[in-house]
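Structure first, then comments.
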Amino acid sequence: MARMTWTFSPERVDTPDATALRRDYYGDVAGRYWKRHATEAEIDEGLTDDGVEKLTPPTGQFLVARFEGKPAGCGGVLMLDGERAELTRVFLRHAFRGAGGAGALLRRLEDEARGLGARRMVLNTRLDLVEARGLYTRHGYEEIPAYCTGPYMDIWYGKEI
């Protein structure tokens, strides 16, 4: 039997695949927060001026994950300073979860951050995103003091990379 393959490639945030994945990501996390499906208008509003233009070298990087060639997920790193990168917008579509892609995506994002000069990765998330929190702790992230504030931030993690 052929082995199923994941690929991860840097991609502009405005390509059709990257845009669709970013919309799915926002719809998923907003819908979970609101405990209902996010509307297209709410997704449009949430993605307006969300800072993704910084997810390109030298300030960051955005990756699209593909499983057997199909767009399955995404993630980004944003340089906060000369040694710290922030992990952001890590997402796998539900149909692709459980196939090993999340951990592989996380490792590739850490590689990208190191390539940009980062020695430490930090992130913030919400308590209700239990799958994400589990992913991060399984991969060596530990709870740290808050390094930023915002309405959708409950817990912060960090890791030397």
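The values are calculated or read from the model by the stated rules, or taken from the named source; none is laboratory data. This structure is a prediction, so every number in the text was calculated from the model and none was measured. So basically every Cβ, Gly included, is an ideal-geometry build from the backbone, and we count neighbours across all protein chains shown. To get the accessible areas, we keep the full protein, side chains included, count just its heavy atoms, and leave off ligands, DNA and RNA. Shrake-Rupley method; radii C 1.70, N 1.55, O 1.52, S 1.80 Å.
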**Study point:** In nm, spacing of pseudo-spin labels at Arg114 and Thr137 (7 Å Cα→C-beta vector)
**Key:** 2.6
Check your understanding: Which values of log₁₀ I(q)/I(0), to two decimal places, follow from the Debye formula for region 53-148 at q = 0.17, 0.18, 0.20 Å⁻¹ with a uniform point scatterer at every Cα?
Key -> -0.73, -0.82, -1.00
Study note, to complete from the structure: Sorted on mean Cβ neighbours within 10 Å (highest first), peptides 103-116, 30-43 come out as 103-116, 30-43
Check your understanding: HN-Hα J couplings of region 5-10 from phi, Karplus 6.51/-1.76/1.60, θ = phi - 60°, integer Hz, Gly and Pro as x?
Key -> 10, 9, 10, 9, 9, x
Check your understanding: Given the Cα-Cα distance of Ala146 and Thr48 and 0.36 nm per residue of separation, how much length would full extension add, in nm?
Key -> 32.8 nm
Practice item. Express in Å², to the nearest 10, the accessible area of Thr149 obtained by rolling a 1.4 Å probe over the protein heavy atoms while all chains stay in place. Key: 130
Check your understanding: Rounded to a whole number, what % of the accessible area of region 82-161 do carbon and sulfur atoms account for, probe 1.4 Å?
Key -> 50
Review point. Long-range amide H contacts for Glu86: which residues qualify at under 5 Å (H placed 1.01 Å from N, peptide plane, sequence gap of 5 or more or a different chain)?
Key: Leu78, Met79, Leu80, Val122
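How many percent of Cα pairs in the chain exceed 30 Å? Before the final figure, lay out each step's value.
Working: 1203 of 12880 pairs.
Percent of Cα pairs beyond 30 Å in the chain: 9.
Rounded to the nearest 20 Debye, what is the dipole magnitude of region 65-105 about its Cα centre when Lys and Arg each give +1 and Asp and Glu each give -1 at the C-beta? Show your work: numbers first, answer last.
On the way: 6 positive and 4 negative charges, 62 e Å.
The dipole of region 65-105 has a size of about 300 debye.
Accessible area per residue, 1.4 Å probe, Å², for region 33-91: what's the number? Provide the component values of the computation, followed by the final result.
On the way: 3080 Å² over 59 residues.
Heavy-atom SASA per residue in region 33-91 reads 52 Å².
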Check your understanding: Got a number for the accessible area of Asp44? Probe 1.4 Å, square angstrom, nearest 10.
Key -> 80
Study note, to complete from the structure: In order over region 37-45: 3J(HN,Hα) from phi, Karplus 6.51/-1.76/1.60, θ = phi - 60°, whole Hz, x for each Gly or Pro, gives 5, 6, 7, 4, 5, 5, 5, 4, 5
Review point. Tell me, what is the 1.4 Å probe accessible area of Glu143, in Å² to the nearest 10?
Key: 130
Review point. When the Karplus curve 6.51 cos²θ - 1.76 cosθ + 1.60 is applied with θ = phi - 60°, which whole-Hz ³J(HN,Hα) does each residue of region 19-36 get, with x for Gly and Pro?
Key: 5, 4, 5, 5, 5, 5, 4, 5, x, 5, 6, 5, x, 5, 5, 7, 6, 6
Review point. Could you give the nm distance between label points at Glu40 and Met153, where each point is 7 Å from its Cα heading toward the beta carbon?
Key: 3.3
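Based on DSSP H runs of at least 4 residues, each adding -39500 (n - 2.57), what is the mean residue ellipticity at 222 nm of the chain after dividing by all its residues, to the nearest 500 deg cm²/dmol? Don't jump to the answer; show the numbers that get you there.
Working: 4 runs with 51 residues, N = 161.
Helix contribution divided over all residues of the chain: -10000 deg cm²/dmol.
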